[in-house]
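Notes follow the structure.
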Amino acid sequence: MSELYQKLENIVSDQFISDNEYIRHSYSRNVDPLLQGVPDIIIRPKDAKEISEILKVANQEKIPVYPRGGGDCEFGGSKPIGNNGILLDMKRMNKIINLDTKNLIVTVEAGTSWGKLNEYLSDFDLYTGCMGPGSGMTASIGGGISHHSVGGGGCAKYGACTNQLVSLEVVLPTGEIIETGSQANKYSEYPFNRFGNGPDLAGLFCGDNGIMGVKTRVSLQVFPRPTFANYKTFLLERKSAEISSEIFSEIRKMGIEVYDAMYIMDLVVNVGCQQGLFPMWDDLKRKKGIFFYTIEANSEEELEAKTNQLDQIILNKRKVQELGPEISEGNIAKWHYEEQGHWQMYHNLWGMFPALEPLTAECFTPISTYPRILTDLDQWDIEHNDDIQKITEITGQRPITGSGPILLIDGCNVELTCGFTSFSAYHNGKYHDLIDEINEKLWKSVLERVTRHGVQWYMMGDMMSRMMVEIGAYPEAFYNLMKSVKQTLDPNLILSRGKFKFGND
Ligand SMILES: Cc1cc2nc3c(=O)[nH]c(=O)nc-3n(C[C@H](O)[C@H](O)[C@H](O)COP(=O)(O)OP(=O)(O)OC[C@H]3O[C@@H](n4cnc5c(N)ncnc54)[C@H](O)[C@@H]3O)c2cc1C
């Protein structure tokens, strides 16, 4: 046993540390199929104090540390970059610490999943507003805050999950423990507000992709779930990308508060129906684009007024057909709101085919821009037909280029889930490397293409954090500022070493 292992074992006890080869390999990937990095040691810490001690040892030994929540990052963010380091599995820290029902603030350990937290809150008729990401049944609160996650329901009304952040407890890369917001006043008994007591230091850790500190405790605003809700689904028979973008835009211009609004392109509707994912649309004669909204209200009058306003916008468009009110009649909006479809949908999409390899380009972009980006992706597909053909020949399935669900988020922006979905249906082992090589080349190419549309990445992980630097997308002054903040907080580049290429890698 190495001296380092011994020191770490003394901190957490032998039950919660391992360097077993199988365990190390099981933590070497996230949900993308291509990026791998095998950690040397896995630790499941119990609290901030243990993490602080671990980080102090890592600094003495100059060993990188990678925090991991649910491991759902699509860009390889919660596994090592290269084969090295200590992986911190945060999922043991999953306690709900306090619900302040007077001030509507919940405090949890950062490894708690969005599913667990919202199940707990539902007993009090409360919810987190934005329900975290679509992966919320497994993804952690700490991972969501580290990504600025959106998507698991409610983000048209509440925005990204970082919008409801009140306070963070963070272990800095050198081992000091701090609290942000109201807790920066040591006389404050409990978290109540994010802003004040100086600059918004919580912001430094929001969307940081795990590079600035390890989040250990998170306080979030929670909200009473309104009593009334309505949900409608529409078939957009022509020009569905353009029409959906017009609808999103008009909703915002008219100031109508929707809880969720989503567009699902024709291709996903078609392929999803073939794969049995959308039984509610099996009977649709024309499998075209789908648009749906969900709304909430505190009275029947308010609900009716909002529904009428929305119907006016949507049904005024040409060739739009409203589907029936029940889930069995095609109303996916009802399933999305009432049956936690907001989490199930994404988990289902990821498992649509055996050997599916989603190489995504998930980003934020203004409503007005996504039809143009989707048209350009069609063009990208044509330009890369030779490589795509090679994969088709080996696997028997043609990779799919396009978008997944497009979701209205804060302001006049959407979360655009797009990219290139490939396959790895190997007939024999000899093609693994070839498929991986082509997939990686195509993935990088599609990501660069989408970046050049000026989009905003929020989940960056290994792939996007390094690519932004490699293709020179960051303005120099911005990158230098980010680098000097990182060097001040983390002089040995311990935390998530390799991301954003701050070192010589
Ligand atoms: C099926 C599926 C659906 C998805 N849907 C969405 C969606 O709708 N919206 C969306 O935004 N994303 C989505 N994602 C991506 C991803 O699941 C989310 O971004 C999620 O928030 C990640 O949480 P996690 O706990 O799995 O984080 P991980 O993948 O474990 O980690 C994410 C990043 O945060 C860091 N990190 C994790 N915990 C901590 C901590 N406590 N302190 C410091 N750093 C930490 C890691 O180092 C890593 O960089 C989806 C992924 C899948 C597989």
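Observations
- Among the residues listed as 129, 115, 159, the single one being under 17 Å from the mean Cα position of the chain (by Cα), surrounded by fewer than 24 Cβ atoms within 10 Å (Cβ to Cβ), over 21 Å from residue 410 (Cα atoms) and touching a residue at least 60 places away in the same chain (Cβ under 8 Å): 115
- Helices (runs of 4 or more DSSP H) enclosed by the stretch 1-75 - at least 1 residues per element that are among the charged types (D, E, K, R), free of Cβ contacts under 8 Å to residues at least 24 places away in the same chain and touching a strand residue (DSSP E or B) at 6+ places or on another chain (Cβ under 6 Å): 3-12
- Residue selected from the stretch 64-119 under the condition basic (Lys, Arg) and under 22 Å from residue 212 (Cα atoms), by the criterion nearest to the ligand (Cβ to nearest atom): 68
- Filter pass, residue 246 being open to solvent by less than 60 Å² (accessible area, probe 1.4 Å) and not assigned by TED's automatic domain parsing to the domain that holds residue 119: no
- Any hit, the stretch 31-40, residues being more than 29 Å from residue 418 (Cβ to Cβ), outside the structural domain of residue 220 (by TED's automatic domain parsing), surrounded by 19 or more Cβ atoms within 10 Å (Cβ to Cβ) and within 16 Å of the ligand (Cβ to nearest atom): yes
Conditions (1) of a type in the set (Asp, Glu); (2) open to solvent by 80 Å² or more (accessible area, probe 1.4 Å); (3) within 32 Å of the chain's Cα centre (by Cα), marked per residue:
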site: 286; (1), (2), (3): no, yes, yes
site: 290; (1), (2), (3): no, no, yes
site: 301; (1), (2), (3): yes, yes, no
site: 304; (1), (2), (3): yes, yes, no
site: 310; (1), (2), (3): no, no, yes
site: 313; (1), (2), (3): no, no, yes
site: 320; (1), (2), (3): no, no, yes
site: 323; (1), (2), (3): no, no, yes
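- Only a single criterion out of (1) in contact with a Phe, Trp or Tyr (Cβ under 7 Å, 6 or more places away or on another chain); (2) of a type in the set (Phe, Trp, Tyr); (3) open to solvent by less than 10 Å² (accessible area, probe 1.4 Å); (4) under 30 Å from residue 123 (Cβ atoms) is not satisfied by residue 205, namely (1).
- A Cβ distance below 7 Å, combined with a sequence gap of six or more or placement on separate chains, defines the contacts here; from the stretch 177-205, residues that are assigned to a loop (DSSP other than H, G, I, E, B) reach residues that are of a type in the set (Val, Ile, Thr) in the pairs 191/105; 191/107; 191/166; 192/105; 192/166; 193/166; 194/166; 201/180.
- Answer from 246, 250 - the residue that is in a helix (DSSP H, G or I), more than 30 Å from residue 122 (Cα to Cα), of a type in the set (D, E, K, R) and in contact with a helix residue (DSSP H, G or I) (Cβ under 8 Å, 6 or more places away or on another chain): 250
- Only listed residue being modelled with pLDDT of 95 or more and within 28 Å of residue 362 (Cα to Cα), chosen from 94, 98: 94
The values are calculated or read from the model by the stated rules, or taken from the named source; none is laboratory data. Only a predicted model underlies this, so the values are computations on that prediction, with no experimental measurement involved. Neighbour counts are summed over all protein chains in view; Cβ atoms, including those assigned to glycine, are modelled from backbone coordinates with ideal geometry. Side chains are part of the model used for accessible areas, which takes the heavy atoms of the whole protein and leaves out ligands, DNA and RNA. Shrake-Rupley method; radii C 1.70, N 1.55, O 1.52, S 1.80 Å.
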